[in-house]
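Shown next, in structure tokens, is the structure this report addresses.
No value in this document is a laboratory result; all are computed from the given coordinates. None of the values given here were measured: they were computed from a predicted structure. Glycine gets a Cβ as well: all are built from the backbone with ideal geometry, and neighbour counts include every protein chain shown.
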Amino acid sequence: MVWPPEPPLESQLRLLEPAGRENHRRGPVSPWETIAELRTLADEVISLNVPSQFEAVGQWYEDFSQTTDDEVTSLLARSSNTDQH
């Protein structure tokens, strides 16, 4: 998802959730503006930290290095193997 959200945020969220399921958004840190917008689009929004001075997500992490395509592919494969309903 693009951060900060761009105008098509609602479309992006709909792509992430299967039709008919509740829409929950959680994150470790978010700006107030994004929380307010997400609350209009999601059933539930949780952010562990909503700082008054928010400039970038990376400022709140000790290590905010880029995740490689291989790491993402591996994590998605493991998730799909353990997420059997």
For labels at Arg78 and Gln59 in the simple 7 Å Cα→Cβ model, what's the distance in nm? 3.2
Scan around Ile46 for amide H atoms under 5 Å from its own, H built in the peptide plane at 1.01 Å from N, and keep only partners 5 or more places away or cross-chain. Arg25, Arg26, Gly27
Write out the chymotrypsin sites (Phe, Trp or Tyr not before Pro) in segment 34-65 meeting two conditions: DSSP loop, and at most 16 other Cβ atoms within 10 Å of their Cβ. Tyr61, Phe64
Label-point separation in nm, Val29 to Asp69, each point 7 Å along Cα→Cβ: 2.9
Using θ = phi - 60° and the Karplus curve 6.51 cos²θ - 1.76 cosθ + 1.60, what whole-Hz ³J(HN,Hα) does each residue of segment 63-79 get, with Gly and Pro shown as x? 10, 10, 6, 5, 8, 7, 4, 5, 5, 5, 4, 5, 5, 5, 5, 5, 5
